[in-house]
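Accompanying notes for the structure given below.
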Amino acid sequence: MTEKITNVILQTMDEALEKQKEDSLPSKDIDFLGYIASLAFQAMVFLGEIPSPVTQRVEKNLAQAKLLIDTLSILRDKTKGNLSEPESRLLETSIYELQIKYVEQVPGVTKSA
């Protein structure tokens, strides 16, 4: 009897883990707007503007933020002329806002009044 209960528990755990894996997989319906928003969100986390969704704490990593901002800039340059108006606007706005926030946080950069 105990063995049967153990097997049922193990099977239930296996099914729950499998469902969790399926739920955590990225959606097949990802689009360019979602991708840009995801990169911009990650940059905001690394700039310390919003808490990390993993730790719920503000964690700055300016080098990683710069890498993501540069990645967005490369995407802008490589997709020029191939984006819809909303995609282009989101990309341009995201890069601009992130660059401003990055410069505000880089030590030793003088800010003009």
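FYI, it's all coordinate maths here, none of it is from the lab. Since the model is a prediction, treat every value here as computed from it, not as a measurement. Glycine also receives a Cβ, built like all others from the backbone with ideal geometry; neighbour counts cover every protein chain displayed.
Each peptide in 73-86, 91-104 gets a packing score, the mean of other Cβ atoms within 10 Å over its residues, and the list from highest to lowest is 91-104, 73-86. Binning the alpha carbon pair distances of the stretch 26-105 at 5 angstrom intervals from zero yields the distribution 3, 15, 27, 22, 18, 10, 4, 1, expressed in whole percent. One chain, two ends: Ile30 and Gln99. Fully extended at 0.36 nm per residue, the span grows by 22.3 nm beyond their Cα-Cα distance. Once backbone amide H atoms are built at 1.01 Å from N, Ser52 has Arg57, Val58, Glu59 as its partners under 5 Å, excluding neighbours fewer than 5 places away on the same chain. Modelled spin labels at Glu85 and Leu67, positioned 7 Å past Cα toward Cβ, are 3.7 nm from each other.
Charge dipole (Cα centre; +1 on Lys/Arg Cβ, -1 on Asp/Glu Cβ; no other charges) of the stretch 47-113 amounts to roughly 160 debye.
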